[in-house]
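The values are calculated or read from the model by the stated rules, or taken from the named source; none is laboratory data. Quick caveat: nothing in here was measured; it's all calculated off a predicted structure. All Cβ positions, glycine included, derive from the backbone under ideal geometry; neighbour counts span all protein chains shown.
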Amino acid sequence: MRSPRDELLHLVRSCYAAFAARDLDALCALVTHDCAFEAPGLIEFMPWAGAHRGRDGIRAFVAGLDAHLVFHEFEPARFLVDEEAAAVVVTGRAVCASCATQRRYVNHWAHLFETSDCKIARFREYPDTAAQLAAVHPWWDTRPSPVTSR
């Protein structure tokens, strides 16, 4: 039997595995029916941004990402577990490219997973929105996007 901490880690790692495989049925099985997936930003600039509710919302969120971004690397690195709050914060790094501009960027991110009854009830991402915006809309920032920074 897993400890509460290990259960939380297993749940979050399973979410990342399902996301990486684009197995949306598996991902949706890991969340509550009314879960919230939230990504900051204005949808006019980052169409995947906003609040996405329920399992259909998760599917729309992933479809929005895939329609606008190509993930070349995605590395969850550090997992911080708060057993009392039944939450996990994960920090990591991704290298993505905009489908519209082909411009690559490095995204250092943090994700907050809040759980209820052994399922994800809320996911909130904290990405590098400036790097995303510069890649999606290069007129915003004409400097080269650093793809090697860590």
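Scanning segment 112-138 for residues that are touching a Lys or Arg at 6+ places or on another chain (Cβ under 7 Å) and either assigned to a strand (DSSP E or B) or among the hydrophobic types (A, V, I, L, M, F, W, C) (or both) yields Leu112, Glu114, Ala135. Just to verify a result, which residue in segment 58-110, among those that are assigned to a loop (DSSP other than H, G, I, E, B), at pLDDT 95 or above and among the charged types (D, E, K, R), is surrounded by the fewest Cβ atoms within 10 Å (Cβ to Cβ)? Across segment 58-110, the extreme among qualifying residues is Glu84. Would you pick out the residues in segment 65-103 that are of a type in the set (Lys, Arg) and closer than 21 Å to Arg22 by Cα? Arg93, the sole residue that qualifies.
State whether the residues of segment 93-100 include one that is over 20 Å from Gly41 (Cβ atoms) and either free of Cβ contacts under 8 Å to residues at least 40 places away in the same chain or touching a Cys at 6+ places or on another chain (Cβ under 8 Å) (or both). Before you say what the answer is, go through the steps one by one.
First pass over segment 93-100, keeping only residues over 20 Å from Gly41 (Cβ atoms): none.
No; the residues of segment 93-100 include none that is over 20 Å from Gly41 (Cβ atoms) and either free of Cβ contacts under 8 Å to residues at least 40 places away in the same chain or touching a Cys at 6+ places or on another chain (Cβ under 8 Å) (or both).
Being surrounded by fewer than 16 Cβ atoms within 10 Å (Cβ to Cβ) and within 13 Å of the chain's Cα centre (by Cα) is the filter here; which residues of segment 17-54 pass it? Matches in segment 17-54: Ala17, Ala20, Arg22, Pro40, Ala51.
Selection over segment 1-42 of residues that are in contact with a Ser or Thr (Cβ under 9 Å, 6 or more places away or on another chain), assigned to a loop (DSSP other than H, G, I, E, B) and over 19 Å from Asn107 (Cα atoms) gives a count of 1.
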